[in-house]
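A.B. asks: What follows is a single structure, and I will ask about it in a moment.
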Amino acid sequence: MARVEINIELCKGCGLCIEACPKGCLKISSGFNRMGEHPAEWGSDEMCTGCGLCAVVCPDCAISIYK
Amino acid sequence: MEIIYERPESLKDVRTHYCAGCGHGVVHRILAEIVDELGIREKTVVIAPVGCAVLAYDYFNFDVCEAPHGRTPAVATGMKRVRPSNVIISYQGDGDLAAIGMAEIIHAANRGERITVVFVNNGLYGMTGGQMAPTTLIGQRTATTPMGRDFRECGQPIKVCELLSQFEGVVYAARCAITGPGNIIKGKKMLKKALSIQLADLGFSIVEFLSACPTHWKLTPREAVQYIEEKMVPCFPTGVIKDTIK
């Protein structure tokens, strides 16, 4: 089991992590961050293997992974 | 639970001013990760360019100097000669390196200065509003080529790594595309090799990153990544272009 934490104030909602995730664990949040953007959100924790591909593609270094 | 990935120590915990999906963020991160892995944070100096990365000193947690208008390799030369034990990285964009700073980069490469150049190529001038750069693709629409770049009027895109690899002083020249996780990991290996060449005092090394500019390409971040794969990579082939130390 792995856990992904997204710093929503660093995230700009580009969606590249969603594209990179092989298990489809990430989606764009319906909420806003302080800059008025929709950040990425980590949803299904049962599927996540902690492969780290989302963190590799993130241009804003907003993702931390725990396993 | 054990942490398996977190922000590198060499990157300050601040929000960058780059647009969503910009490749600069990825290049900043892999550079910071390599500096941490090699344990050279106390002796690294990055020379920031003019362009979107002009405020890099706000993001890196090591010494950063700023040299406007393509004079980054000249400042890096001086710094490396005065302080040869430091690791000097010239961080440049394509407008900065291939247009206004072409003279500096060519002569620094020809002298075989022991510096590492990180070249972020997005095919246009990002900061000033998306004008044509020497690396703009044929037919690409920019603010100054609204009908698309024409060869007879504006020339061909300049392939900087191929151009510089002719010089004997250049020990390592490589190009990678910032598209998927695989290519980003490859780019990190290339940049690590370039920095280890500088640490071994062997010569000039350059790594070019084909980077997305969703704002001025007028695409979404996902479409911009596809644009790199479909349009930029055929013009700028990725891989190691010159490596005299195998």
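Values quoted throughout were computed directly from the atomic coordinates according to the rules given, and no laboratory measurement underlies them. Fair warning: this is a prediction, and the values are worked out from it, not measured in the lab. Please note: Cβ atoms are built from the backbone with ideal geometry, for glycine as well, and neighbour counts cover all protein chains shown.
A.B. asks: Please identify, among B:G70, B:G123, B:G139, the residue showing maximal mean-square fluctuation in a Gaussian network model of chain B using a 10 angstrom Cα cutoff.
C.D. replies: So, out of B:G70, B:G123, B:G139, the one fluctuating most is B:G139.
A.B. asks: So, one more: Loop-only GluC sites (Glu not before Pro) in region B:141-239, please: DSSP not H, G, I, E or B, and at most 13 other Cβ atoms within 10 Å.
C.D. replies: Numbers: sites: B:E153, B:E162, B:E168, B:E208, B:E223, B:E229, B:E230; in loops: B:E168.
Qualifying residues, ordered by number: B:E168.
A.B. asks: Here is a follow-up. Projected area of the protein assembly as shown, taken from the Cα convex hull and averaged over every viewing direction, in nm²?
C.D. replies: For the Cα atoms of the protein assembly as shown, the hull's average projected area reads 15.7 nm².
A.B. asks: Please give the average number of partner chain Cβ atoms lying within 10 Å of the Cβ of each residue in B:122-133, rounded to a whole number. It would help to have the intermediate numbers written out before the result.
C.D. replies: Values: counts 0, 0, 0, 0, 0, 0, 0, 0, 0, 0, 0, 0.
That average works out to 0.
A.B. asks: If the viscosity is 1.567 mPa s and the temperature 4 °C, what Stokes-Einstein diffusion coefficient in µm²/s follows for region B:1-152 when Rh is the Kirkwood radius over Cα pairs? Could the numbers behind the result be given before it?
C.D. replies: Numbers: Rh = 16.4 Å.
The Stokes-Einstein estimate is 79 µm²/s.
A.B. asks: Restricting the count to DSSP beta bridges whose residues both fall in region B:23-243, what percent are antiparallel, rounded to a multiple of 5? Display every interim value, and only then the final one.
C.D. replies: Values: 6 of 32 bridges.
Antiparallel: roughly 20 percent of the beta bridges in region B:23-243.
A.B. asks: Within region B:158-178, whose backbone N sits under 20 Å from a point 7 Å along Cα→Cβ of B:D201?
C.D. replies: It comes to B:169-172, nothing else.
A.B. asks: Here's a follow-up. Restricting to Cα pairs below 8 Å that are 6+ residues apart, what does the relative contact order work out to for chain B? Please round to a whole percent.
C.D. replies: 19
A.B. asks: Right, next: What does the extension gain come out to for B:Y57 and B:I185, with contour length at 0.36 nm per residue minus their alpha carbon separation? Walk me through the numbers on the way to the answer.
C.D. replies: Numbers: separation 128, 0.36 × 128 = 46.08 nm, distance 2.43 nm.
Gain in length upon complete extension: 43.7 nm.
A.B. asks: Would you compute, from DSSP H runs of 4+ residues alone, the mean residue ellipticity of chain A at 222 nm, taking -39500 (n - 2.57) per run and dividing by the full residue count, rounded to the nearest 500? Before the final figure, lay out the partial values.
C.D. replies: On the way: 2 runs with 10 residues, N = 67.
The helix contribution divided over chain A gives -3000 deg cm²/dmol.
A.B. asks: Could you work out the mean count of beta carbons from other protein chains within 10 Å of each residue's beta carbon in B:220-226? Before the final figure, lay out each step's value.
C.D. replies: On the way: counts 2, 7, 5, 0, 2, 5, 0.
Mean partner-chain Cβ count within 10 Å for B:220-226: 3.
A.B. asks: Here's something else I'd like to know. Using helices alone, what [θ] at 222 nm do you get for chain B, with -39,500 (n - 2.57) per DSSP H run of 4 or more residues, divided over all residues and rounded to the nearest 500? List each step's numbers first, then the result.
C.D. replies: Numbers: 8 runs with 75 residues, N = 246.
Roughly -8500 deg cm²/dmol at 222 nm, from the helical runs in chain B.
A.B. asks: If the elastic network links every pair of Cα atoms under 10 Å, which of B:E104, B:E33, B:E42 fluctuates the most in the Gaussian network model of chain B?
C.D. replies: Evaluated over chain B, the most mobile residue of the options is B:E42.
A.B. asks: Given a Förster distance of 25 Å, report the FRET efficiency between B:I4 and B:E37 from their Cβ-Cβ distance, rounded to the nearest 0.05. If you can, show how the numbers build up before the last one.
C.D. replies: On the way: r = 15 Å, r/R0 = 0.61.
Efficiency at R0 = 25 Å is approximately 0.95.
A.B. asks: Considering every residue in A:50-57, what mean count of other chain Cβ atoms within 10 Å of its Cβ is obtained? Don't skip to the answer; put the middle values down first.
C.D. replies: Numbers: counts 4, 3, 3, 5, 2, 6, 11, 9.
Mean partner shielding for this stretch: 5.
A.B. asks: Which percentage, to the nearest 5, of the DSSP beta bridges contained in the protein assembly as shown is antiparallel? Mind dumping the intermediate values first?
C.D. replies: Numbers: 16 of 42 bridges.
Bridges in the protein assembly as shown that DSSP calls antiparallel: roughly 40 percent.
A.B. asks: Give me the one-decimal nm value for the distance between modelled label points at B:N86 and B:C65, 7 Å along each residue's Cα-to-Cβ direction.
C.D. replies: It is 0.5 nm.
A.B. asks: For region B:63-114, state which trypsin sites (Lys or Arg not before Pro) are in a DSSP loop and have at most 16 other beta carbons lying within 10 Å of their beta carbon.
C.D. replies: Details: sites: B:R71, B:K80, B:R81, B:R111, B:R114; in loops: B:R71, B:R111, B:R114.
Sites meeting the loop and neighbour criteria: B:R111.
A.B. asks: Too long at a 24 Å Cα-Cα cut-off: which of B:K189/B:K218; B:K12/B:K188; B:K159/B:K189; B:K12/B:K192; B:K188/B:K231; A:K12/B:K43? Mind dumping the intermediate values first?
C.D. replies: Values: B:K189/B:K218 31 Å; B:K12/B:K188 19 Å; B:K159/B:K189 21 Å; B:K12/B:K192 20 Å; B:K188/B:K231 22 Å; A:K12/B:K43 32 Å.
From the list (B:K189/B:K218; B:K12/B:K188; B:K159/B:K189; B:K12/B:K192; B:K188/B:K231; A:K12/B:K43), the Cα-Cα distance tops 24 Å for B:K189/B:K218; A:K12/B:K43.
A.B. asks: Which residue, B:C22, B:C213, B:C154, tops the fluctuation ranking in a GNM of chain B built on C-alpha contacts under 10 Å?
C.D. replies: Maximum fluctuation in the GNM of chain B, among the listed residues, is at B:C154.
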